[in-house]
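Chemist: Just dropping this structure here.
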Amino acid sequence: MEDILECCCGLDVHKESIVACLLKGPLAAELKPQSEIQEFGTQLKDLVALRKWLEKHECHYVAMESTGIYWQPVYAVLETALSDEMHLLVVNARHMKNVPGKKTDMRDAEWIATLLRAGLLKGSFVPERDIRDLRQFTRYRKALIRDITSQKNRIEKLLQSNGFRLSSFLSDIFGSSGLAIMHQLVQVGSISSQSLDQCLKARARQKANEILSSLNGTLSVPQRKLLKMQLAHLADLQANLREVEEEIHDGFSQFHGPIQLLDSIPGIDLTAAYAILAEIGKEMSAFPTAQHICSWAGLAPGNHKSANKQKKQRITQGNNYLKTILCEVAWVIASHKKLYLSGWYWRLKQHTDAKRAIVALARKLLVIIYTMLKTSQPFNEQKFAERKNASEQKRVKRMVFELTRLGYAVSLAA
């Protein structure tokens with residue numbers, strides 16, 4: 001391997017310790033670089049000591065390998081080192097294993113530094129600090145929604161097991177009518193016709209007799225206490241969700257341009273636009289082509305070719321948060337009519353199953369998003385329709401040409 005960096009450092013990051021290997025020396029092939037290995041802790045004072053150690057040696061290039069999220073505090077401390085001139089790479093362990101060498105005979109940090117000095121490492125995508133902060137809120141929102149759904153299912157299970165079948169006649173048992181009935185059950189443990197009449201709101205009053213027949217159970221005192229605790233926990237989760245959504249909305253107000261671009265795509269609302277932008281950032285310079293970002297997101301098929309035969313392969317591992325939100329948007333688009341993207345989905349579905357077609361549509365969406373953010377051009381449905389018509393005209397011209405070549409008298413006017 002030919003060295004291209006005079007000074008670099010490799011970090012092997014663990015939960016409680018960081019092993020750092022610094023390689024420094026001239027780039028002459030016959031001279032080996034000087035190696036210095038230090039071990040640091042992961043507390044803030046240890047990370048500051050690591051930063052001072054790198055600044056002392058004027059090391060501008062650092063690569064780190066980490067399991068899970070242990071790299072994040074290290075990255076946060078080092079990214080502003082040397083007057084923001086520090087070049088940090090978070091490298092993929094799988095990529096390093098594919099590089100030939102004697103990794104098993106060397107310490108991990110030394111192998112990372114050796115590969116970095118030779119320029120053989122590619123860093124993973126790490127967005128700007130403000131995007132990373134907002135990403136934590138959007139991911140937390142997803143977890144909160146999952147927790148709220150689980151809590152609602154627990155409450156529904158408790159009611160169903162005691163003979164209260166609200167969901168048979170109320171489309172949303174956690175609406176105003178359903179919640180009023182539950183609070184009445186917490187107080188009394190049963191429902192009478194008089195108390196039910198006070199609980200029902202709006203159109204639910206039209207089903208009063210059916211709802212009363214479905215509330216033929218009784219809650220004991222312990223069950224009433226349990227229902228009260230579950231309802232209180234649900235209210236806390238919903239209040240927390242509202243607070244998180246307000247923080248997300250305020251935080252993304254500084255990215256008005258990219259949000260407007262994403263919102264111009266049918267099927268993407270502000271919530272989806274926030275989640276997508278939090279994962280990929282507002283700058284596309286980290287991804288040379290749309291194929292790179294699709295591979296990073298896990299929306300690219302694996303390549304398995306043997307004996308000159310291309311075999312079916314599942315999509316690769318990638319960013320599950322981005323992949324999930326794009327697939328959700330794809331399902332929304334597929335349910336619409338008279339859209340270019342929905343028509344593209346239904347044409348593809350004729351040759352494969354629905355789930356594969358949804359993943360393909362999610363990939364197409366990501367390519368469109370990449371192009372829009374790179375060119376700052378909003379989504380234009382009319383351009384896709386014009387492109388479709390032009391493609392159809394070319395297909396007709398080719399067909400007429402082939403028929404004419406075979407001796408048939410065909411004209412475009414016919």
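Chemist: May I ask you to list the residues in the stretch 242-297 that are farther than 14 Å from Ser376 by Cα and among the basic types (Lys, Arg)?
Modeler: Answer for the stretch 242-297, where residues must be farther than 14 Å from Ser376 by Cα and among the basic types (Lys, Arg): just Arg242.
Chemist: Pick from the stretch 264-281 the residues that are surrounded by 18 or more Cβ atoms within 10 Å (Cβ to Cβ) and among the β-branched types (Val, Ile, Thr): which of them is nearest to the chain's Cα centre (by Cα)?
Modeler: Ile276
Chemist: Please list, ordered by first then second residue, the pairs with beta carbon atoms under 9 Å, 6 or more apart or interchain, first in the stretch 155-169 and farther than 14 Å from Thr218 by Cα, second surrounded by fewer than 17 Cβ atoms within 10 Å (Cβ to Cβ) and among the small types (Gly, Ala, Ser).
Modeler: Every condition considered, the pairs that remain are Glu156/Ser167; Phe169/Ser213.
Chemist: List every residue pair whose Cβ atoms sit under 6 Å apart, with the two residues 6 or more apart in sequence or on different chains, where the first one lies in the stretch 3-18 and is without any contact (Cβ under 8 Å) to a residue 12 or more places away in the chain and the second, anywhere, is assigned to a loop (DSSP other than H, G, I, E, B) and among the acidic types (Asp, Glu).
Modeler: none
Chemist: For the stretch 143-164, check the following and say yes or no: at least one residue is in contact with a Phe, Trp or Tyr (Cβ under 7 Å, 6 or more places away or on another chain), part of a helix (DSSP H, G or I) and farther than 30 Å from Lys56 by Cβ. Even if it seems obvious, please write down each step before you answer.
Modeler: Within the stretch 143-164, the subset in contact with a Phe, Trp or Tyr (Cβ under 7 Å, 6 or more places away or on another chain) is 152.
The next check asks that each one be part of a helix (DSSP H, G or I); those that pass are 152.
Now drop any that are not farther than 30 Å from Lys56 by Cβ, which leaves 152.
Among the residues of the stretch 143-164, at least one is in contact with a Phe, Trp or Tyr (Cβ under 7 Å, 6 or more places away or on another chain), part of a helix (DSSP H, G or I) and farther than 30 Å from Lys56 by Cβ, which makes the answer yes.
Chemist: Please work out which residue is nearest to Met229 (Cα to Cα), limiting yourself to the stretch 183-210 and to residues that are modelled with pLDDT of 90 or more and touching a Cys at 6+ places or on another chain (Cβ under 9 Å).
Modeler: His183
Chemist: Of all residues in the stretch 16-58, how many are aliphatic (A, V, I, L, M), within 19 Å of Ala76 (Cα to Cα) and assigned to a strand (DSSP E or B)? Break it down into steps so the answer makes sense when it comes.
Modeler: Our first condition is that a residue be aliphatic (A, V, I, L, M); within the stretch 16-58, this holds for 18-20, 22-23, 27-29, 31, 37, 44, 47-50, 54.
Now drop any that are not within 19 Å of Ala76 (Cα to Cα), which leaves 18-20, 44, 47-50, 54.
Next, only the ones that are assigned to a strand (DSSP E or B) stay: 18-20.
Residues that pass the stated criteria total 3.
Chemist: Of the residues Lys349, Lys364, only one is at pLDDT below 95, of a type in the set (D, E, K, R), crowded, with 16+ Cβ neighbours inside 10 Å and in contact with a Leu (Cβ under 9 Å, 6 or more places away or on another chain); which? I'd like the intermediate steps shown before the answer.
Modeler: Numbers: Lys349 fails: in contact with a Leu (Cβ under 9 Å, 6 or more places away or on another chain).
Of Lys349, Lys364, the one residue that is at pLDDT below 95, of a type in the set (D, E, K, R), crowded, with 16+ Cβ neighbours inside 10 Å and in contact with a Leu (Cβ under 9 Å, 6 or more places away or on another chain) is Lys364.
Chemist: Considering only the stretch 319-334, I want to know if a residue exists there that is closer than 24 Å to Asn380 by Cβ, β-branched (Val, Ile, Thr), under 15 Å from the mean Cα position of the chain (by Cα) and outside any strand (DSSP E or B). Spell out how you get there, then give the answer.
Modeler: Of the residues in the stretch 319-334, the ones closer than 24 Å to Asn380 by Cβ are 322, 325-334.
Then drop every residue that is not β-branched (Val, Ile, Thr), which leaves 325, 329, 332-333.
Add one more test, that the residue is under 15 Å from the mean Cα position of the chain (by Cα), and what stays is 325, 329.
If we keep only those that are outside any strand (DSSP E or B) as well, we get 325, 329.
Within the stretch 319-334, one or more residues are closer than 24 Å to Asn380 by Cβ, β-branched (Val, Ile, Thr), under 15 Å from the mean Cα position of the chain (by Cα) and outside any strand (DSSP E or B).
Chemist: Only one of Ala49, Ala118, Ala113, Ala93 is among the hydrophobic types (A, V, I, L, M, F, W, C) and at pLDDT 95 or above; which?
Modeler: Numbers: Ala118 fails: at pLDDT 95 or above; Ala113 fails: at pLDDT 95 or above; Ala93 fails: at pLDDT 95 or above.
One residue alone meets the criteria, Ala49.
Chemist: Tell me, which residue of the stretch 44-86 that is β-branched (Val, Ile, Thr) and over 17 Å from Cys8 (Cβ atoms) is surrounded by the fewest Cβ atoms within 10 Å (Cβ to Cβ)?
Modeler: Ile69
Chemist: Scan Ala286, Ala330 and give me the residue that is surrounded by fewer than 18 Cβ atoms within 10 Å (Cβ to Cβ) and under 23 Å from Thr138 (Cα atoms).
Modeler: Working: Ala330 fails: surrounded by fewer than 18 Cβ atoms within 10 Å (Cβ to Cβ).
Selected residue: Ala286, the only one of Ala286, Ala330 that is surrounded by fewer than 18 Cβ atoms within 10 Å (Cβ to Cβ) and under 23 Å from Thr138 (Cα atoms).
Chemist: Identify the single condition in (1) farther than 26 Å from Arg132 by Cβ; (2) in contact with a strand residue (DSSP E or B) (Cβ under 8 Å, 6 or more places away or on another chain) that Asp12 does not satisfy, given that it satisfies every other one.
Modeler: Failed condition: (1).
The values are calculated or read from the model by the stated rules, or taken from the named source; none is laboratory data. The structure presented is a predicted model; accordingly, all values stated were derived computationally and were not measured. Quick reminder, even Gly has a Cβ in these numbers, built from the backbone with ideal geometry, and neighbours come from all protein chains shown.
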